[in-house]
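Novice: Mind looking over this structure? Questions follow.
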Amino acid sequence: MRFQPTSFAFTLLLGLLASVPSFGIDMSLPALAAMGAALGARPSEAGFSMSLFMLSLAAAPLIYGPASDRYGRKPVILFGVMLFVIGSTGCALAQSLSPLLIWRFIQGAGAAITTMSMAIIRDLYAPEIVMIPIGDHYTMSPREAAYAVNLLKPKTVIPMHFGTFPVLTGKPSELQKLVPAVEVVEMNPGVTIS
């Protein structure tokens, strides 16, 4: 089945692809203590599963990027999703902490395929204006946002999800320093941009 890039189905597919890491993080975080108890491990040991997930989530794009440039986006995305499903199944079937840690690492490597959604958007649309979260807590930091901006190569960036709560410490000025060739526009309520 082939989706047209302008279709709702394609947009939904990219959105689901971008949400894959949330399934591995948000669904397991509240269960860490119970998971540790069920596997006969302390909560701190069960928490190590999150560290391994995040490690592979951060490292796998270093492989996915060059592989997708060489072999195409689709086979690499299918591989990553398959890896995530296999890792998730392994996590569900793990009977002790050691196998769980291995499966969580595999699951995180599969979840890292979410980075391909930005590459696909760049390939198809070359957006001129993008909105990027920069809060640095629960969202990208200005440094991570600068990386995303460099991938998307827009002319204008509108930072979002910053400064509304004390923990959201990222600042548009930090982002501007990291991407000096791009216009960073800090929006205020009621202001429009064209």
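Nothing in this text is a laboratory measurement; each read-out follows from the coordinates by a stated rule. For clarity, every value in this text was computed on a predicted model and none was experimentally measured. Cβ atoms come from the backbone with ideal geometry, glycine included; neighbour counts cover every protein chain shown.
Novice: Quick one: if you stick a label point 7 Å off each Cα along the C-beta vector at PHE165 and PHE23, how many nm between them?
Specialist: About 2.6 nm separates the two model spin labels.
Novice: Suppose the chain between ILE63 and THR192 were pulled fully straight at 0.36 nm per residue; how much longer would it get relative to their current alpha carbon spacing?
Specialist: The ILE63-THR192 span can extend by a further 42.5 nm.
Novice: Which ordering of MET27, MET116 is given by a fewest-first count of other beta-carbon atoms within 10 Å? Walk me through the intermediate numbers first.
Specialist: Details: MET27 10, MET116 23.
By the 10 Å Cβ count, ascending: MET27, MET116.
Novice: While we're looking at this one, here's another question. Return the Rg/Rh ratio of region 127-184 with Cα-based radii and a Kirkwood Rh. Intermediate results must be reported in sequence, preceding the final value.
Specialist: Numbers: Rg = 10.2 Å, Rh = 10.8 Å.
Using only Cα positions, Rg/Rh for region 127-184 is 0.94.
Novice: To continue, here is another question. Excluding residues on the same chain fewer than 8 positions from LYS153, give the aspartates and glutamates whose Cα lies under 20 Å from its Cα.
Specialist: Partners found: ASP69, ASP123, GLU128, GLU144, GLU174, GLU183, GLU186.
Novice: Using unit Cβ charges (K, R positive; D, E negative) and no other charged atoms, how large, in debye to the nearest 20, is the dipole of region 1-146 about its Cα centre? Please report the intermediate quantities before stating the final value.
Specialist: Numbers: 8 positive and 7 negative charges, 65 e Å.
Its charge dipole is roughly 320 debye.
Novice: A further question on this structure: Using modelled backbone amide H atoms (1.01 Å from N, in-plane), which distant-in-sequence or interchain residues come within less than 5 Å of MET160's amide H?
Specialist: Long-range HN contacts for MET160: ILE132, ILE134.
Novice: Mind computing the radius of gyration and Dmax over the alpha-carbon atoms of region 1-80? Å is fine for both.
Specialist: Final numbers for Rg and Dmax: 16.8, 50 Å.
Novice: Over region 25-92, what is the relative contact order in whole percent, taking alpha-carbon pairs under 8 Å and six or more residues apart? Before the final figure, lay out the partial values.
Specialist: Working: 21 pairs, mean separation 10.8, N = 68.
The normalised contact order for region 25-92 reaches 16 percent.
Novice: Moving on. Between MET50 and TYR147, what is the FRET efficiency for a Förster distance of 22 Å, r being their Cβ-Cβ separation, to the nearest 0.05? Walk me through the intermediate numbers first.
Specialist: Working: r = 22 Å, r/R0 = 1.01.
Taking R0 as 22 Å, the efficiency between MET50 and TYR147 is 0.50.
Novice: Size of the dipole of region 127-184 about the Cα centre, Lys and Arg at +1 and Asp and Glu at -1 on the beta carbon, nothing else charged, in debye to 20?
Specialist: Details: 5 positive and 5 negative charges, 18 e Å.
Its charge dipole is roughly 80 debye.
Novice: Related question: Between helix 43-59 and the chain, what is the angle of the helix's C-alpha long axis to the longest principal axis, kept within 0 to 90° and rounded to the nearest 10?
Specialist: It is inclined by approximately 50 degrees.
Novice: Quick one: helix 73-93 against the long Cα principal axis of the chain, what's the angle to the nearest 10°, folded into 0 to 90?
Specialist: It is inclined by approximately 40 degrees.
Novice: Provide the packing ranking of 99-107, 162-170, i.e. peptides ordered by the mean count of other C-beta atoms within 10 Å per residue, highest first.
Specialist: Working: 99-107: 21.9, 162-170: 14.6.
Those peptides, ordered most packed to least, come out 99-107, 162-170.
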